2 protein chains.
Amino acid sequence: MSSAPLPRQSDDFPAWYGEVVRRAGLAESSAIRGAMIIKPYGYAIWEAIQRELDDRIKATGHENLYFPLLVPASVLAREGDLIEGFAPEVAVVTAAGGKELEEPLAVRPTSEALIWSTYARWVQSYRDLPLLYNQWANVVRWELRPRLFLRTTEFLWQEGHTAHETEAEALAETLTILHDVYADTIEQVLAIPVLRGRKSESERFPGAVDTYTLEALMRDGRALQAATAHYLGQGFARTFGVRYTGRDGRPEHPYATSWGATTRLVGGVVMTHGDDRGLRLPPRVAPHQVVIVPIARGDEDAEVHEAAAAVAGELRSAGVRVRVDDRPGHRPGFKFHECEVKGVPLRVELGRRDLAAGTVTVARRDRGEKEAIRLADVPARAAAMLDDIQASLLREARDEQRRRTLRDPGGYDAMVGYLRDAGGFAAAGWCGRRDCEARVKDDSSATIRCLPLDWEHPSAGACICCGRAAAGEAVWAQAY
Amino acid sequence: MSSAPLPRQSDDFPAWYGEVVRRAGLAESSAIRGAMIIKPYGYAIWEAIQRELDDRIKATGHENLYFPLLVPASVLAREGDLIEGFAPEVAVVTAAGGKELEEPLAVRPTSEALIWSTYARWVQSYRDLPLLYNQWANVVRWELRPRLFLRTTEFLWQEGHTAHETEAEALAETLTILHDVYADTIEQVLAIPVLRGRKSESERFPGAVDTYTLEALMRDGRALQAATAHYLGQGFARTFGVRYTGRDGRPEHPYATSWGATTRLVGGVVMTHGDDRGLRLPPRVAPHQVVIVPIARGDEDAEVHEAAAAVAGELRSAGVRVRVDDRPGHRPGFKFHECEVKGVPLRVELGRRDLAAGTVTVARRDRGEKEAIRLADVPARAAAMLDDIQASLLREARDEQRRRTLRDPGGYDAMVGYLRDAGGFAAAGWCGRRDCEARVKDDSSATIRCLPLDWEHPSAGACICCGRAAAGEAVWAQAY
Ligand SMILES: [Zn+2]
Ligand SMILES: [Zn+2]
């Protein structure tokens with residue numbers, strides 16, 4: 001690992017991001033532009049996210065299944081009326097088995113088409129509903145301006161696809177996923193505070209009646225769409241001929257939802273918590289919550305190594321993910337630096353002098369504080385400190401988001417200036433017309449991130465752009 | 001679910017297999033020939049297998065990561081000398097992002113090429129070794145004669161790819177994976193007994209120096225290759241220019257292994273344990289280990305439903321995966337039948353009369369026995385019965401495999417006759433020459449499944465085909 005200082009966030013955030021991702025061993029580019037290799041440390045973070053999402057997806061009554069990667073062009077084309085946006089992003093298989101294919105196959109950019117063409121076989125009666133299914137999969141969408149984790153030609157995600165008897169049920173499903181699955185994971189596990197809202201029409205998923213979103217604010221003042229849940233109405237059911245016999249014996253179309261969260265969340269963790277020294281991982285997603293660095297010359301100090309192993313064993317018994325870094329080829333200073341770059345929440349230093357005093361030195365990554373702790377207290381204290389770090393990172397990010405949220409911008413020019421500088425979120429009244437939305441975008445490259453749900457103090461009054469009566473409040477920001 | 005009887009195994013095994021997979025809700029065909037949809041019940045079995053394999057992969061020191069789906073044709077082509085077998089199976093992306101691609105991209109049939117071209121960057125010094133990595137992924141290999149789970153155009157698997165300093169280490173890795181990861185999972189969890197062995201040269205993975213395999217015997221007397229681990233020597237390192245500075249300062253090539261287990265294991269579970277009434281699932285992979293069927297008319301019998309919920313709660317607390325089937329639209333008989341087809345290890349029937357007597361009726365799927373059990377004893381007895389079913393299915397399959405293994409065939413014609421009838425495994429001396437291997441295949445369609453490791457009573461003497469001195473014993477069978 002390079003010991004040259006990282007670029008500073010305030011000087012060049014994109015360079016800082018790229019270097020942190022690289023030096024922390026999260027991911028790297030592959031031979032194919034835009035397709036990334038997720039390295040073990042980055043993948044372990046993704047596995048933690050997967051586990052947490054999967055638990056909540058199942059706890060809310062869903063089951064996992066798996067649909068094929070390749071979708072016949074004709075099936076995808078039927079979706080044409082619904083989804084125009086995808087065509088240019090799609091990768092197409094034209095030959096296989098040593099021959100030209102009669103019909104080209106799309107590598108799935110998302111699976112609505114294939115799944116809804118299958119639901120046509122699965123849904124015959126109202127008794128077959130609801131279908132509450134999810135899949136973990138890879139998808140491909142060609143990216144012209146790729147960025148590790150944030151925009152990649154291939155990414156990993158889960159995509160839920162449900163079918164319901166009534167609109168009310170489908171809408172409730174969308175909000176259950178938004179709040180109980182996504183927001184709960186992202187805030188409580190990733191410690192990333194999110195704004196919950198609906199998308200404006202122009203930012204909706206193609207084919208959706210309503211798109212619900214979670215918007216997070218990164219440390220450079222730009223928004224990251226952290227997860228989305230779509231209420232799709234009956235459009236997919238109509239397009240793919242999904243029809244069932246209702247309770248009254250009449251043919252009906254079910255109501256649909258779809259929802260997804262992706263590997264970009266790993267990028268969100270980096271950009272929400274990282275600082276000029278590297279990553280800062282929330283304990284609940286950290287591959288190693290504690291790294292113990294024995295300070296001993298080579299294998300000389302058997303006592304120190306034994307003590308390190310004993311502490312590690314106790315922490316493991318207490319349910320802590322711990323690693324002993326006893327690599328002989330590296331000095332303690334190198335290991336400390338690596339722990340910092342990799343965002344290990346707690347580093348435990350254990351040397352001869354500590355042992356003699358019956359203590360260890362514990363360093364918190366989030367605040368950089370060091371503390372001597374009695375050996376016997378390590379498991380309990382470490383567990384408490386990990387909880388505190390988890391809570392503290394969320395609090396810090398929440399404060400930062402509040403600080404960077406401009407309420408009552410005091411006029412159009414002030415708002416556009418704020419947005420142009422990527423100051424953060426700007427909240428203001430909006431009339432609901434595309435013209436005004438487009439004008440802000442032209443003037444600042446910012447988009448409406450969402451129309452917030454349950455906003456505490458909705459600003460009444462006029463559209464900040466045109467002065468017409470506001471239909472509600474919108475939150476703008478530049479976005480990833 | 002159809003209530004027509006299943007085809008009988010002894011009448012038409014392939015028809016039986018197809019119907020069981022369909023009626024149990026494991027998988028179905030998709031619009032693309034050979035690509036299957038894995039349905040929730042089948043996917044839950046796969047998730048259990050994944051969890052068990054993943055635990056063992058990690059326990060033996062490996063980390064997960066993720067490489068891209070699409071591989072530049074030029075990278076795959078470098079592998080040409082090593083892997084000729086793949087070309088006709090590969091699906092090729094020729095357009096993406098709305099344009100013809102300059103270089104076609106292969107959808108990975110396996111990831112050796114991409115991974116070893118990357119290891120060239122990762123391995124510089126002996127200190128970088130070993131690399132012990134695994135990925136969970138989908139792969140595509142065009143199939144002309146597809147069969148659900150067994151041969152599918154796309155399948156899910158894990159593929160391990162390791163790099164080592166010495167040949168001895170790489171060989172030890174291959175055997176650790178074979179025994180401690182694969183055989184342990186397949187025998188102890190899937191209750192499928194396996195023969196452990198090496199492949200003959202003609203059956204080796206292209207590019208492998210040695211392929212180790214686990215061979216299971218299905219109920220129709222045909223073998224299923226359950227998992228393989230390859231010792232790859234230095235071939236991939238040479239081809240992809242992976243070179244490091246050794247301990248003595250000289251440039252060296254690392255030694256490679258790769259190993260994989262796939263969704264075909266789900267098919268193996270079906271064909272090892274299923275009977276004429278449907279699936280029989282080993283409890284350790286059963287999505288529901290116990291299904292409770294309350295016997296009550298509609299919602300009338302609140303008492304019965306409450307008791308069912310209470311029993312379910314106790315079982316859950318005891319760590320049992322349990323489902324209460326209280327669907328109002330179906331009669332108990334239908335539910336019993338469904339439990340049978342789906343191979344639920346234990347079915348608990350609970351009606352008014354049972355309640356009055358303070359008992360429930362418990363039916364074991366493996367033996368079809370029913371027993372009255374006192375309510376208070378259910379959790380402990382159910383746990384014990386599940387353990388017994390797990391052990392019993394393995395024992396039964398082991399007995400079946402022994403019964404169907406022909407030792408000392410008593411001459412070439414007898415062996416070929418046995419193999420032609422798909423009698424099972426036939427073990428006999430083999431001189432090691434391809435000619436003899438090819439002759440058996442021509443005469444019986446059987447192949448050498450493996451040259452067994454640690455065979456208890458190696459038959460000495462002559463090659464059963466040509467009478468020359470045997471190099472060792474081979475096991476033949478018709479194979480999936
Ligand atoms: Zn306006
Ligand atoms: Zn011979």
For region B:130-142, which residues satisfy the criterion of being among the polar types (S, T, N, Q) and either surrounded by 22 or more Cβ atoms within 10 Å (Cβ to Cβ) or modelled with pLDDT under 95 (or both)? B:Asn134
Within region B:336-356, the residues that are part of a helix (DSSP H, G or I) and modelled with pLDDT of 95 or more are B:Phe336, B:His337, B:Glu338, B:Cys339, B:Glu340, B:Val341
Name the pairs: first residue in region B:424-447 and near ligand 2 (Cβ under 9 Å from one of its atoms), second residue of a type in the set (D, E, K, R), Cβ to Cβ under 8 Å, at least 6 apart or on different chains? B:Gly429/B:Glu473; B:Trp430/B:Glu437; B:Trp430/B:Glu473; B:Cys431/B:Arg468; B:Arg433/B:Arg468
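Given A:Ala296, A:Ala318, A:Ala310, which one is among the hydrophobic types (A, V, I, L, M, F, W, C) and free of Cβ contacts under 8 Å to residues at least 24 places away in the same chain? Spell out the reasoning first.
On the way: A:Ala296 fails: free of Cβ contacts under 8 Å to residues at least 24 places away in the same chain; A:Ala318 fails: free of Cβ contacts under 8 Å to residues at least 24 places away in the same chain.
Only one candidate passes the filter, namely A:Ala310.
Report yes if A:Ile32 is assigned to a strand (DSSP E or B), out of contact with any Gly (no Cβ under 6 Å at 6 or more places or on another chain) and at the interface with another protein chain (Cβ under 7 Å from one of its Cβ atoms), otherwise no. Quick ask: steps written out before the conclusion?
Details: assigned to a strand (DSSP E or B): no; out of contact with any Gly (no Cβ under 6 Å at 6 or more places or on another chain): yes; at the interface with another protein chain (Cβ under 7 Å from one of its Cβ atoms): yes.
No.
Quick one: which residue in A:Arg145, A:Arg127 is within 11 Å of another protein chain (Cβ to nearest Cβ), outside any strand (DSSP E or B), out of contact with any Leu (no Cβ under 9 Å at 6 or more places or on another chain) and surrounded by fewer than 18 Cβ atoms within 10 Å (Cβ to Cβ)? Show your work before the answer.
On the way: A:Arg145 fails: within 11 Å of another protein chain (Cβ to nearest Cβ).
The conditions single out A:Arg127.
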Taking A:Val266 as meeting all but one of (1) closer than 30 Å to A:Ser444 by Cα; (2) part of a loop (DSSP other than H, G, I, E, B), write down the number of the exception. (2)
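Hey, among B:Arg449, B:Arg420, which residue is surrounded by fewer than 21 Cβ atoms within 10 Å (Cβ to Cβ), among the charged types (D, E, K, R) and either within 18 Å of B:Arg222 (Cβ to Cβ) or over 22 Å from the mean Cα position of the chain (by Cα) (or both)?
Working: B:Arg449 fails: surrounded by fewer than 21 Cβ atoms within 10 Å (Cβ to Cβ).
None of the others qualify; the one that does is B:Arg420.
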Filter region B:423-446 for residues that are of a type in the set (A, V, I, L, M, F, W, C), surrounded by fewer than 22 Cβ atoms within 10 Å (Cβ to Cβ) and outside any helix (DSSP H, G or I) and give the result. B:Cys431
For B:Ser2, which of the numbered conditions (1) more than 22 Å from A:Ala120 (Cβ to Cβ); (2) more than 13 Å from every other protein chain (Cβ to nearest Cβ); (3) assigned to a loop (DSSP other than H, G, I, E, B) fails to hold? (1)
Do we find a residue being in the same structural domain as A:Gly313 (by TED's automatic domain parsing), without any contact (Cβ under 8 Å) to a residue 24 or more places away in the chain and in a strand (DSSP E or B) anywhere in region A:377-384? no
Just one listed residue, out of B:Pro88, B:Pro104, B:Pro109, is within 11 Å of chain A (Cβ to nearest Cβ), over 29 Å from B:Leu53 (Cα atoms) and under 26 Å from the mean Cα position of the chain (by Cα), and it is B:Pro88
Within region A:79-99, the residues that are over 30 Å from A:Ser202 (Cβ atoms) and at pLDDT 90 or above are A:Val93, A:Thr94, A:Ala95, A:Ala96
Just wondering, is there one or more residues in region A:17-28 that are at pLDDT below 95, surrounded by fewer than 20 Cβ atoms within 10 Å (Cβ to Cβ) and not in a helix (DSSP H, G or I)? no
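Just for region B:381-416: of the residues that are of a type in the set (Gly, Ala, Ser) and buried (at least 16 other Cβ atoms within 10 Å of the Cβ), which one is nearest to ligand 2 (Cβ to nearest atom)? Write out each step before concluding.
Taking region B:381-416 and keeping what is of a type in the set (Gly, Ala, Ser), we get B:382-384, B:391-392, B:397, B:410-411, B:414.
Those still in the list that are buried (at least 16 other Cβ atoms within 10 Å of the Cβ) too: B:382-383, B:392, B:397.
Working: B:Ala382: 54, B:Ala383: 52, B:Ser392: 40, B:Ala397: 32 Å.
Going through the qualifying residues, I end up with B:Ala397.
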Working only within region B:55-71, note down all residues that are more than 9 Å from chain A (Cβ to nearest Cβ) and either in a helix (DSSP H, G or I) or among the β-branched types (Val, Ile, Thr) (or both). B:Asp55, B:Arg56, B:Ile57, B:Lys58, B:Ala59, B:Thr60
When you scan region A:70-84, do you find a residue that is under 26 Å from B:Gly160 (Cβ atoms) and surrounded by 18 or more Cβ atoms within 10 Å (Cβ to Cβ), even just one? yes
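How many of the residues in region A:222-235 are closer than 21 Å to A:Arg395 by Cα and in contact with a Leu (Cβ under 9 Å, 6 or more places away or on another chain)?
Going residue by residue through region A:222-235, those that are closer than 21 Å to A:Arg395 by Cα are A:222-227.
Then drop every residue that is not in contact with a Leu (Cβ under 9 Å, 6 or more places away or on another chain), which leaves A:223-227.
Residues that pass the stated criteria total 5.
The values are calculated or read from the model by the stated rules, or taken from the named source; none is laboratory data. In this text, all values refer to a predicted model and were calculated from it rather than measured experimentally. Using ideal geometry, Cβ is built from the backbone for each residue, glycine included, and neighbour counts are taken over all protein chains shown.
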